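Inspection log for the structure reproduced underneath, given as structure tokens.
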Amino acid sequence: MVRSWRNTPEIREKMFSQHVIQPEEHARWFASIQGDDSKQFFIALSQGKPVGMMSFTGIKDGAAEWGFYKSPDAPSGTGKQLLCESLVLGFEYLALAK
């Protein structure tokens, strides 16, 4: 599901790496984040349906880089909700300072 979202042109064009992610590459990425405390990824749900992904990487000393993207079929306003929820996750759940 996440790979499918990531590979849509409207999401891919805004990423640092803009190529189509193949299943093998995605599997390697997923395996690499398991147990890595410097990276946290969350699937956002709305009414029990997945609508996006939020990510925090480079977590160290209370700081991190963060981002999010929404499912291509998520309703209007989902991006704003993901933005707000990312801030809550980062500052409250992950206890980031910046």
(request) Tell me, please, whether a residue that is open to solvent by less than 80 Å² (accessible area, probe 1.4 Å), in contact with a strand residue (DSSP E or B) (Cβ under 8 Å, 6 or more places away or on another chain), closer than 21 Å to Leu94 by Cβ and modelled with pLDDT of 95 or more can be found in the range 2-13. (result) no
(request) Out of the residues in the range 25-48 that are touching a residue at least 12 places away in the same chain (Cβ under 8 Å) and part of a loop (DSSP other than H, G, I, E, B), state the one that is farthest from Tyr69 (Cα to Cα). (result) Asp37
(message) Could you tell me how many of the residues in the range 27-39 are surrounded by 13 or more Cβ atoms within 10 Å (Cβ to Cβ) and modelled with pLDDT under 95?
(response) 2
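Residue-by-condition table, conditions (1) part of a strand (DSSP E or B); (2) among the small types (Gly, Ala, Ser); (3) under 14 Å from Lys39 (Cα atoms); (4) modelled with pLDDT under 95:
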{"position": "Thr57", "(1), (2), (3), (4)": "yes, no, yes, no"}
{"position": "Ala64", "(1), (2), (3), (4)": "yes, yes, yes, no"}
{"position": "Tyr69", "(1), (2), (3), (4)": "yes, no, no, yes"}
{"position": "Asp73", "(1), (2), (3), (4)": "no, no, no, yes"}
{"position": "Ser76", "(1), (2), (3), (4)": "no, yes, no, yes"}
{"position": "Gly79", "(1), (2), (3), (4)": "no, yes, no, yes"}
{"position": "Glu92", "(1), (2), (3), (4)": "no, no, no, no"}
(request) Spot the failing condition for Ile43; the list is (1) open to solvent by 80 Å² or more (accessible area, probe 1.4 Å); (2) at pLDDT 95 or above, and only one is missed. (result) (1)
(request) Could you figure out which of (1) open to solvent by 40 Å² or more (accessible area, probe 1.4 Å); (2) at positive phi; (3) not hydrophobic (A, V, I, L, M, F, W, C) isn't true of Pro75? (result) (2)
(request) Kindly list the number of the only condition in (1) open to solvent by less than 80 Å² (accessible area, probe 1.4 Å); (2) under 26 Å from Tyr93 (Cα atoms); (3) touching a residue at least 12 places away in the same chain (Cβ under 8 Å) that fails for Lys60. (result) (1)
(request) Could you tell me whether the range 21-39 includes any residue that is of a type in the set (A, V, I, L, M) and under 12 Å from the mean Cα position of the chain (by Cα)? (result) no
(request) Check off (1) without any contact (Cβ under 8 Å) to a residue 40 or more places away in the chain; (2) open to solvent by less than 60 Å² (accessible area, probe 1.4 Å) for Leu89 and give me the number that stays unchecked. (result) (1)
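The values are calculated or read from the model by the stated rules, or taken from the named source; none is laboratory data. A quick note: this is a predicted structure, and the numbers were derived from the prediction, not measured. Cβ coordinates were reconstructed from backbone atoms using ideal geometry, including for glycine residues, and neighbour counts include every protein chain displayed. Ligands, DNA and RNA are stripped out before the accessible areas are found, and what is left, the full protein with its side chains, is counted by its heavy atoms. Shrake-Rupley method; radii C 1.70, N 1.55, O 1.52, S 1.80 Å.
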